[in-house]
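**Q** Submitted below is the structure of interest, expressed as structure tokens.
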Amino acid sequence: MRKNIGFQIGQDAVEALAKAHGTPLLILSSKQIEKNYQCLRKYLPRVRIFYAIKANPHPEILKPMIRMGASFDVASDGEIRLLNEIGVAGERLIYANPVKTGGGLKACRECGVGKMTFDSVTEIYKIKETCPESAILLRLCVDNSSAHVDLNKKFGVSPENALKLMLKAKEEGLDVAGIAFHVGSQTTSADPYLHALDLTRKIFEEAEETGLKLRILDIGGGFPIPEPSMNFNFPEMLRQINARLDEDFAGVEIWAEPGRYICGTSVNLITSVIGVTERGGQPWYFLDEGLYGTFSGVLFDQWDFRLISFKNTKERVSATFCGPSCDSLDIMFRGRITAPLEVNDILLVPACGAYTSASATTFNGFGKAEFVVWEQAKKELLPAWVIDSLTALAVNPTAMILFFGALI
Ligand SMILES: *Cc1c(COP(=O)(O)O)cnc(C)c1O
């Protein structure tokens, strides 16, 4: 059975789109966004989904999410105001940055954002001063050395200190509503979640004993992009998490903050080879997209992107791939096995939607890659294809009969 690896366009479409729009080009499938969101809804039916927009805040990703009724995880004044400007009510946002700026808190006040996380005493005073009506969640530190990117190194209160800090916040008159954790990015097993749920369950009980009844649990993000090289069963992972939620957190409102899972598989990059050279007996391929652009995920997200070429050869070489800028840091992959490439060859990079364009820069004057929406682009491409294939058929009467025979 073919694994569901998400949206990936075929060679014909890649070539037609590159011809029509030039490269580098990002192709976004809003259908795939819908599928990913619906998958989480299906396996975690009780969970309110807050899409962590830092993974990719493109409007064509936000639109279907808004339409489907999702909520959003934001971390700055900019993200709060972006959603506010496109009409998302503050009630649908959680300000999930445990260390908030003055500008961020002001944006909360002005846009009606009343959910936030905290992990220190200083934060309690800041919230009390600017947004005292907020429902606040304690951000708990849950160690997870297996995470792809472990965010627990920077944020979170240790379980031993959790209750004390929650009681302090309560004493200051704040509405301590629950606990949030983030197991770390690209988590491919239920275990870190189950471990975090164990810790949280204990703290819920301890809190209740002191008269603090918690009502919200936020299980964070970290849900993995299902890349084919990774061998795991995502529905099974979600089933295990969901079963534990039912067992240990009945009657508690559950939230989650997926980022990469929602957008990762929904974008393809088309990039071209713009230069070829050889060093130390190995080919070097220069692409028109680099580390300062969509491939910024190599650096910031330690992500290893797949490169698909459409060269019709079995020959393979070990090559270095770099970007177009004049900085020698701008090298994405070394020792990458690939078909030999030439200038103007095209590469397709699937699963390119998370922590890619979001952290791209225009360093050295290279513009950010343009986006097209697949569901619209497809319609524009269709007439050209039909004309092409009919022309091909017209010179071949047998094929013509077969073609129209197939239509009837
Ligand atoms: C980045 C982040 C997320 C999203 O993480 P993913 O690995 O993309 O799912 C969720 N919550 C918080 C608090 C984050 O910082």
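**Q** Tell me, yes or no, whether segment 26-39 has at least one residue that is within 16 Å of the ligand (Cβ to nearest atom), more than 15 Å from the chain's Cα centre (by Cα) and over 23 Å from Asn84 (Cβ atoms).
**A** no
**Q** Looking at Val176 and the list (1) farther than 29 Å from Tyr43 by Cβ; (2) open to solvent by 30 Å² or more (accessible area, probe 1.4 Å), which single condition is not satisfied?
**A** For Val176, the exception is condition (2).
**Q** For segment 261-315, name all the residues that are surrounded by fewer than 23 Cβ atoms within 10 Å (Cβ to Cβ), among the β-branched types (Val, Ile, Thr) and not in a loop (DSSP other than H, G, I, E, B).
**A** Within segment 261-315, Val273, Ile274, Val276, Thr277, Val298, Ile308 qualify.
**Q** For segment 349-381: of the residues being among the aliphatic types (A, V, I, L, M) and over 19 Å from the mean Cα position of the chain (by Cα), which is modelled with the lowest pLDDT?
**A** Among those residues, the one meeting the criterion is Leu381.
**Q** A further question on this structure: Can you pull out the residues in segment 61-82 that are more than 12 Å from the ligand (Cβ to nearest atom) and either open to solvent by less than 40 Å² (accessible area, probe 1.4 Å) or among the hydroxyl-bearing types (Ser, Thr, Tyr) (or both)?
**A** Scanning segment 61-82 gives Ile61, Leu62, Pro64, Met65, Ala70, Ser71, Ile80.
**Q** With respect to Thr362, is the statement that it is under 24 Å from Gly221 (Cβ atoms), more than 16 Å from the ligand (Cβ to nearest atom) and of a type in the set (S, T, N, Q) true?
**A** Taking the combined requirement at face value, the residue does not satisfy it.
**Q** A further question on this structure: So the check is Cβ under 7 Å with 6+ separation or different chains; which pairs have a first residue in segment 116-128 that's within 11 Å of Asp175 (Cα to Cα) and open to solvent by 10 Å² or more (accessible area, probe 1.4 Å) and a second one that's at pLDDT 95 or above and not in a helix (DSSP H, G or I)?
**A** What qualifies is Lys128/Glu172; Lys128/Gly173; Lys128/Leu174.
**Q** Need pairs with beta-carbon distance below 9 Å; first residue in contact (Cβ under 8 Å) with a residue 60 or more places away in the chain and under 18 Å from Glu79 (Cβ atoms) and within segment 256-273, second part of a strand (DSSP E or B) and more than 14 Å from the ligand (Cβ to nearest atom); sequence gap 6+ or separate chains.
**A** Cys263/Leu28
**Q** Still on this structure, I have one more. Of all the residues that make up segment 184-211, how many are open to solvent by 10 Å² or more (accessible area, probe 1.4 Å), in a loop (DSSP other than H, G, I, E, B) and aliphatic (A, V, I, L, M)?
**A** Of the residues in that region, 0 qualify.
**Q** Please verify whether Asp248 is among the acidic types (Asp, Glu), more than 15 Å from the ligand (Cβ to nearest atom), open to solvent by 10 Å² or more (accessible area, probe 1.4 Å) and farther than 28 Å from Ala377 by Cα, treating the condition exactly as stated.
**A** yes
**Q** Hey, another quick one. Is it the case that Pro224 is loosely packed, with under 15 Cβ neighbours inside 10 Å and either among the aromatic types (Phe, Trp, Tyr) or touching a Phe, Trp or Tyr at 6+ places or on another chain (Cβ under 8 Å) (or both)?
**A** No; evaluated as a whole, the condition is false for this residue.
**Q** Note down all Cβ pairs under 8 Å where the first residue falls in segment 274-294 and is under 22 Å from Ala18 (Cβ atoms) and hydrophobic (A, V, I, L, M, F, W, C), the second is part of a loop (DSSP other than H, G, I, E, B) and open to solvent by 60 Å² or more (accessible area, probe 1.4 Å), and they're at least six residues apart or on different chains.
**A** Here the result reads Ile274/Val343; Val276/Glu342; Val276/Val343; Leu291/Leu329, each pair linking segment 274-294 to a residue that is part of a loop (DSSP other than H, G, I, E, B) and open to solvent by 60 Å² or more (accessible area, probe 1.4 Å).
**Q** I'd like to check something: does segment 83-90 contain any residue that is within 15 Å of the ligand (Cβ to nearest atom), outside any strand (DSSP E or B), at pLDDT 95 or above and open to solvent by 40 Å² or more (accessible area, probe 1.4 Å)?
**A** No, segment 83-90 contains no residue that is within 15 Å of the ligand (Cβ to nearest atom), outside any strand (DSSP E or B), at pLDDT 95 or above and open to solvent by 40 Å² or more (accessible area, probe 1.4 Å).
**Q** Among the numbered criteria (1) open to solvent by less than 30 Å² (accessible area, probe 1.4 Å); (2) more than 16 Å from the chain's Cα centre (by Cα), which single criterion is violated by Cys326?
**A** Of (1) open to solvent by less than 30 Å² (accessible area, probe 1.4 Å); (2) more than 16 Å from the chain's Cα centre (by Cα), only one is false for Cys326: (1).
Per-residue answers, yes or no, for (1) open to solvent by 10 Å² or more (accessible area, probe 1.4 Å); (2) assigned to a loop (DSSP other than H, G, I, E, B); (3) more than 14 Å from the ligand (Cβ to nearest atom):
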position: Glu133; (1), (2), (3): yes, yes, yes
position: Val142; (1), (2), (3): no, yes, no
position: Leu163; (1), (2), (3): yes, no, yes
position: Leu167; (1), (2), (3): yes, no, yes
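**Q** What are the residues in segment 227-245 that are under 11 Å from Ala351 (Cβ atoms) and surrounded by 19 or more Cβ atoms within 10 Å (Cβ to Cβ), if any?
**A** Glu227
**Q** Moving to a separate point now. One residue is enough: does segment 115-127 have a residue meeting the conditions part of a loop (DSSP other than H, G, I, E, B) and modelled with pLDDT of 95 or more?
**A** yes
**Q** Suppose we filter segment 198-232 for residues that are within 16 Å of the ligand (Cβ to nearest atom) and either more than 18 Å from Val142 (Cα to Cα) or not polar (S, T, N, Q) (or both); how many remain?
**A** The number of residues fulfilling the criteria is 14.
The values are calculated or read from the model by the stated rules, or taken from the named source; none is laboratory data. Every value quoted in this text rests on a predicted model; they were computed, and no experiment measured them. With ideal geometry, Cβ positions are generated from the backbone for all residues, glycine too; neighbour counts draw on all protein chains shown. What goes into the accessible areas is simple: the full protein's heavy atoms, side chains included, and nothing from ligands, DNA or RNA. Shrake-Rupley method; radii C 1.70, N 1.55, O 1.52, S 1.80 Å.
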